[in-house]
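*Asks:* Shown below is the structure under consideration.
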């Protein structure tokens, strides 16, 4: 009898091991992920957004891109944005931090509002001044580029080219990016990859930069980075998940990032997420993790990336020659582009891909001509 019990116990243990090994690599499971996303969303829908890095733009963007923002929240943010711009009395919302403009541009674009006309100010215009953008270092460049590309806002091509060159120059030898010149960190690396995501397929050097950045993140994780939950906060994981989703890399199916979503869910707190393990609710952590969840779900749903708001068709600007105006010259520019493809930069290639199918061909000329005729 004892031997039979031992054999039965061994068989049950073996079956349990097989079952566990067959579970998804992200550990917490789809039910945990979905229920946490829904409960966090329900809490965020009770808040009134204002202008600011916490309780403001990221909250508005996450809910808007999830299709979950309430009419009351939308009205509240739009009023707060108009008030803030009027109070600034300038198209520069902060004298040194261009990222303030970038955040507001992204939030307005997510709501379907043209950021070039807010209380008579064009909030994208300051990004033409690279000295202003560069005052925040690489962070300013990253978010200015993301904001401009959110709806293809017109800007001379040389501006986007300088931004991309800056990101390329600031990449560290190990493949990552950081606020300092010699230390890479997952937050800035994730943000930089998000900014490069629209361009990398059009330029081999940028593709190499992206590949190296993703490899640094993967190696950092495998070497104990994201597996050491005590050493990384959830905002770091959120920036990486957002970037991977923009690059169309499924983090929950890619073995290189098996611990990524686990590391986020481990910081769960009532109403959202904590900044430290075992800590209480933190608004900043909650907003960033939530919008990263939305970014991932948009990838799964075949939608545009979190910050690619060209799905707001009334805002997408087909300014293919980057001269700040949409005209028949843009169709001519695309035709010229087709004849001299290799001579054009990654920004021009991306802008010329007017139907967003990943290539530039006569279909883009047709798309622009149809748009001009409307």
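*Asks:* For each of 74, 158, count neighbouring Cβ atoms within 10 Å of the residue's Cβ, then give the residues from fewest to most.
*Replies:* 158, 74
*Asks:* Another question, if that's okay. How far apart, in nm, are the 7 Å Cα→Cβ label points at residue 212 and residue 90?
*Replies:* Placing both labels 7 Å along Cα→Cβ, they lie 3.6 nm apart.
*Asks:* Shifting gears a bit: At 0.36 nm per residue, minus the direct Cα-Cα distance, what do residue 71 and residue 120 gain on full extension? Give it in nm, one decimal, please.
*Replies:* 15.3 nm
*Asks:* Also: Please compute the length gained on full extension between residue 135 and residue 303, using 0.36 nm multiplied by the number of residues separating them and subtracting their Cα-Cα distance.
*Replies:* Taking residue 135 through residue 303 to full extension adds about 57.1 nm, to one decimal.
*Asks:* Just to be sure I follow: if Rg is taken over the C-alpha atoms of region 30-140 and Rh is the Kirkwood radius over the same atoms, what is Rg/Rh?
*Replies:* Checking Rg against Rh, the ratio lands at 1.03.
*Asks:* Report, to two decimal places, the Cα Rg of region 22-317 normalised by 2.2 N^0.38 Å (N = number of residues).
*Replies:* Rounded to two decimals, the normalised Rg is 0.95.
*Asks:* Between residue 168 and residue 250, how high is the FRET efficiency from 1/(1 + (r/R0)^6) when r is the Cβ-Cβ distance and R₀ = 35 Å? Nearest 0.05.
*Replies:* That pair, residue 168 with residue 250, gives E of 0.85.
*Asks:* Okay, moving on. Highest mean first, how do 61-67, 253-259 rank when packing is the count of other Cβ atoms within 10 Å averaged over residues?
*Replies:* Listed from highest to lowest mean packing, they are 61-67, 253-259.
*Asks:* Sticking with this structure for a sec: In nanometres, what is the gap between the two model label sites at residue 181 and residue 54, each 7 Å from Cα along Cα-to-Cβ?
*Replies:* The answer from the label model is 3.2 nm.
*Asks:* Give me 172, 200 ranked fewest to most by other Cβ atoms within 10 Å of their Cβ, as a rough exposure proxy.
*Replies:* Arranged by neighbour count, lowest to highest, 172, 200 become 172, 200.
Coordinate-derived values only; no laboratory data. No experiment lies behind these values; they were computed from the predicted model shown. Every residue, glycine as well, gets a Cβ built from its backbone with ideal geometry; the counts of neighbours run over all protein chains shown.
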